[in-house]
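Only one structure is covered here, and it is reproduced in the block below.
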Amino acid sequence: MALLDQINEPDDLKKLDQGKLPALAEEIRKFILQHVSVTGGHLASNLGVVELTIALHYVYNSPSDKIIWDVGHQSYVHKILTSRKDNFYTLRSYGGLSGFPKRKESVHDIFETGHSSTSISAALGIARARDLKKELYHVIAVVGDGALTGGMAFEAMNDAGHSDTNLTVILNDNEMSISQNVGALATHLTRIRSNPRYNWLKKVVESQLRGLPLIGRPMANGIEKLKNSLKYLLVPGIIFEEMGFTYMGPVNGHDLNGLVSVFERAKKVKGPVLIHVITKKGKGYDFSETNPERYHGVPPFDLEHGCEQDIEANMTYSMTFGRHLTSIAEKNNDIVAITVAMPEGTGLTPFKDRFPERFFDVGIAEQHAVTLAAGMAANGLRPVVAIYSTFFQRAYDQVLHDVCQQNLPVIFALDRAGIVGEDGETHQGVFDISYLQHIPNITLMAPKNTSELRKMMDYALTVNGPVAIRYPRGRGGIAESLPSLPLRDLSWEILEHGCKVAVLAVGSMVEVAIQLSKCLKARNIRPTIINARVIKPLDLIMLKQLANEADLLVTLEDNVLIGGFGSSVVQYVVANRIDVHVLNFGIPDRFIEHGSIKRLREELKLDHESIADEISKVLAREEKAYAGFTQGTY
Ligand SMILES: Cc1ncc(C[n+]2csc(CCOP(=O)(O)OP(=O)(O)O)c2C)c(N)n1
């Protein structure tokens, strides 16, 4: 019987002989490969933490002991060992297992994540609550070297390090963020890893020190002092020691005996401890070991041939952005590009290769990225910050206070705006219109297709102030064939002339509007279809005309209804006492779980048929016209 078949929860694991753990690790690797190649998901990070996770559950008693995963994309092995193996085939599908820790999924999922660098703060909070309630258990944060580049991780270490709180931080150091990790700390960690002399010397001196007799307190204190001064010479993680942590490591993260023994020792240490574990991202699968960046997150793929990609056939918004930025930067030396650890995901790799000196990967540091851009813009450059919509949330104050208040010409390229699908709640880019459009000075746009994205980028460079362009994940669909006009006057675009009903669609919802139009025509309703490509400022000339001429205005957006584009339209209509129905379609007031984009749109009734049904119903009711009517839980 396979070892994995005998394990459903951590107690089963603890019954295994320690000598069998490496064989179990191999079985789990195969299990992950078989499943993730079908479901898609975060492959390389999980293959790297197989032994680490086994050892954690072998030594600690989850859920009494609390294990908190940073980002949470590497929690698959944890899920497999905590009663979710049999459901693993549902990973990331609608109604199935989430790709991230979820409290409602398991008592072993202590804290929900998806955004990076939160684990040490959360773990410290849990540990402090434990102490105040006079409870006894271990709290462990598992954080990657990439996640450690985030400011929050430092803020938490700074706080934890000056307290006596018992807390274990496991630094999973694989030299990679999604791409190669960056920054001074990453360089320091590399130095530790790559210096065998250091480690040899440390071992020798430590064993000598352990051999010294402990005669009375003065002698013990003397040894402590000696140890402390030797630390500067010998302890590789002195930076962590100086921050108040006991540093243990570096430890080979694929040696189960070594891991079990270091965790056992760490349990006895008082105060905050940091265990430095070295792992190989993508371990055990040739393709992912050699190209961990490509295999960080994968769609379903063929195990034998690996994850292939036909670049031209997959011309995404991100690629369009990256290529166009590279081409306009040829003629404009002031353009610089900033990414937060995601050169590949945001399409900036061509720019990085062509203009290495004008490209800045700042690590997982969204706040810093935005204020860095503000500084550059204040000194005459044209910075372009490429960030996923969901992670941009982190930098709200920097956008408001450092960029917009000073009206600095920074361009924000907000990738993965709207519903993103399988990554679920923590990654949906459905808040950006609401958290940006109320900030003075900003211009906010959303293209209907990739060619319009290029036009918007050209336009943004002519604006002497902040501009944000939000665009969705993946490729454009049926709207790709539509021509795109230059923006110049920030006007909206009329795609179809009709009467009675005017549909105002934002970004990727233009595609839905085109299908909606067909559907309505089949019901003898001929709508006007507007590409509301500029969200702020509203095209008031066109809006006024439409509101006065139509019986019903319909807004479509893949942003939350509260504070979204539709709410601005309603505000305008109400403020100007225009007698017209307004129907807002967008994301209701709740978090949207994982599933395919198509499935989620249907569930949210944001597909063209559901919208057509709702419009037909309203028209059929022939209610007395009133403004401000909204759909969804507003
Ligand atoms: C605030 C935030 N920005 C960006 C990301 C995207 N992201 C997901 S995982 C990851 C790299 C994390 O690296 P590391 O912590 O070393 O984990 P590894 O995947 O290498 O195991 C990044 C940048 C994120 N999750 N959160």
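The values are calculated or read from the model by the stated rules, or taken from the named source; none is laboratory data. Just so it is clear, the structure is predicted and the values come from calculations on it, not from any experiment. When we count neighbours, we look across all protein chains shown, and the Cβ atoms used for this are built from the backbone with ideal geometry, even at glycine. Please note that ligands, DNA and RNA were not included when accessible areas were found on the heavy atoms of the full protein model with its side chains. Shrake-Rupley method; radii C 1.70, N 1.55, O 1.52, S 1.80 Å.
The stretch 442-533 gives an Rg/Rh value of 1.00, both radii derived from C-alpha positions and Rh following Kirkwood. Once C-alpha pairs closer than 8 Å and six or more residues apart are averaged by separation and normalised to the residue number of the chain, the relative contact order reads 11 percent. With helices as the sole contributors, the chain gives -11500 deg cm²/dmol at 222 nm; each DSSP H run of n ≥ 4 counts as -39500 (n - 2.57), and the sum is divided by every residue.
One decimal place: the segment residue 596-residue 23 gains 202.8 nm when fully extended, by the rule 0.36 nm per residue minus the C-alpha distance.
The C-alpha radius of gyration of the stretch 232-292, expressed as a fraction of 2.2 N^0.38 Å, stands at 1.35. Rounded to 0.05, the FRET efficiency of the residue 463 and residue 155 pair, given R0 = 56 Å and the Cβ-Cβ distance, is 0.95.
About the centre of its Cα atoms, the chain shows a dipole size close to 1080 debye [charges on the beta carbon of Lys, Arg (+1) and Asp, Glu (-1) only; nearest 20 debye]. Normalised radius of gyration (Cα atoms, divided by 2.2 N^0.38 Å) for the stretch 493-621: 0.99. Between the stretch 460-481 and the stretch 67-125, the alpha-carbon centres lie 33 Å apart. Positive end of the dipole of the stretch 315-481 (Cβ unit charges, origin at the Cα centre): among 411, 342, 373, the Cα lying farthest that way belongs to 411. Just the protein heavy atoms count here, and of the accessible area of the chain at 1.4 Å, carbon and sulfur take up 53 percent.
Between residue 357 and residue 289, what is 0.36 nm times their sequence separation minus the Cα-Cα distance? Round to one decimal in nm.
Details: separation 68, 0.36 × 68 = 24.48 nm, distance 2.87 nm.
The span from residue 357 to residue 289 would gain 21.6 nm if fully extended.
By average Cβ neighbour count within 10 Å, what is the ranking of 612-618, 332-338 from highest down?
Numbers: 612-618: 16.6, 332-338: 18.3.
Packing proxy ranking, top to bottom: 332-338, 612-618.
Stokes-Einstein diffusion for the stretch 270-412, with the hydrodynamic radius set to the Kirkwood value over Cα pairs and evaluated at 37 °C in a medium of 0.692 mPa s, equals 191 µm²/s. Helix 366-378 axis versus longest C-alpha principal axis of the chain: approximately 60°, rounded to the nearest ten. Hey, what D do you get for the stretch 72-148 in µm²/s if you plug the Kirkwood alpha-carbon radius into Stokes-Einstein at 25 °C and 0.890 mPa s? Rounded, D is 180 µm²/s.
Placing unit charges on the Cβ atoms only, positive for Lys and Arg and negative for Asp and Glu, gives the stretch 61-139 a dipole magnitude near 140 debye about its Cα centre.
Both radii are taken from the alpha-carbon atoms of the chain; with Rh as the Kirkwood radius, Rg/Rh is 1.03. If only the Cβ of Lys and Arg carry +1 and only the Cβ of Asp and Glu carry -1, the dipole of the stretch 326-395 around its Cα centre is close to 120 debye.
The shape of the stretch 375-494 can be summarised by an equivalent ellipsoid whose semi-axes, obtained from the alpha carbon gyration tensor, come to 23, 20, 11 Å from longest to shortest. Along the charge dipole of the chain, which of 440, 389, 160 sits closest to the positive end, that is, farthest toward it, with unit charges on the beta carbon of Lys, Arg, Asp and Glu (+1, +1, -1, -1)? Sorting the options by dipole projection puts first 160.
Express in % the proportion of alpha carbon pairs of the stretch 283-352 at distances exceeding 17 Å. Present the calculation step by step, with values, prior to reporting the outcome.
Details: 1276 of 2415 pairs.
Result: 53 percent of Cα pairs exceed 17 Å.
Per-residue packing, averaged as other Cβ atoms within 10 Å, sorts the ranges 574-584, 406-416 into the order 406-416, 574-584, beginning with the highest. Quick check: the angle from helix 509-521's long axis to the longest principal axis of the chain, C-alpha only, nearest 10 degrees? Here the helix axis deviates by roughly 40 degrees. For the chain, the longest principal axis of the Cα atoms and the long axis of helix 21-39 meet at an angle of about 10 degrees.
Which entries in the list 102/352; 20/102; 133/267; 102/270 go over 28 Å, if you measure between the two C-alpha atoms of each? List each step's numbers first, then the result.
Details: 102/352 36 Å; 20/102 30 Å; 133/267 20 Å; 102/270 30 Å.
Pairs exceeding 28 Å: 102/352; 20/102; 102/270.
In the context of the full set of protein chains, residues of the chain present 42 Å² of accessible surface per residue (probe radius 1.4 Å, heavy atoms only). At the listed q of 0.13, 0.22 Å⁻¹, the Debye profile of the stretch 329-393, built from one uniform point per Cα, gives log10 I(q)/I(0) equal to -0.31, -0.88. Residues in the stretch 173-178 carry Karplus couplings, in order, of 9, 10, 6, 10, 8, 6 Hz; the curve used is 6.51 cos²θ - 1.76 cosθ + 1.60 with θ = phi - 60°, and Gly or Pro positions show x. Phi-derived couplings, Karplus 6.51 cos²θ - 1.76 cosθ + 1.60 at θ = phi - 60°, listed residue by residue for the stretch 343-352: x, 6, x, 8, x, 8, 4, x, 5, 4 Hz, with x used for Gly and Pro.
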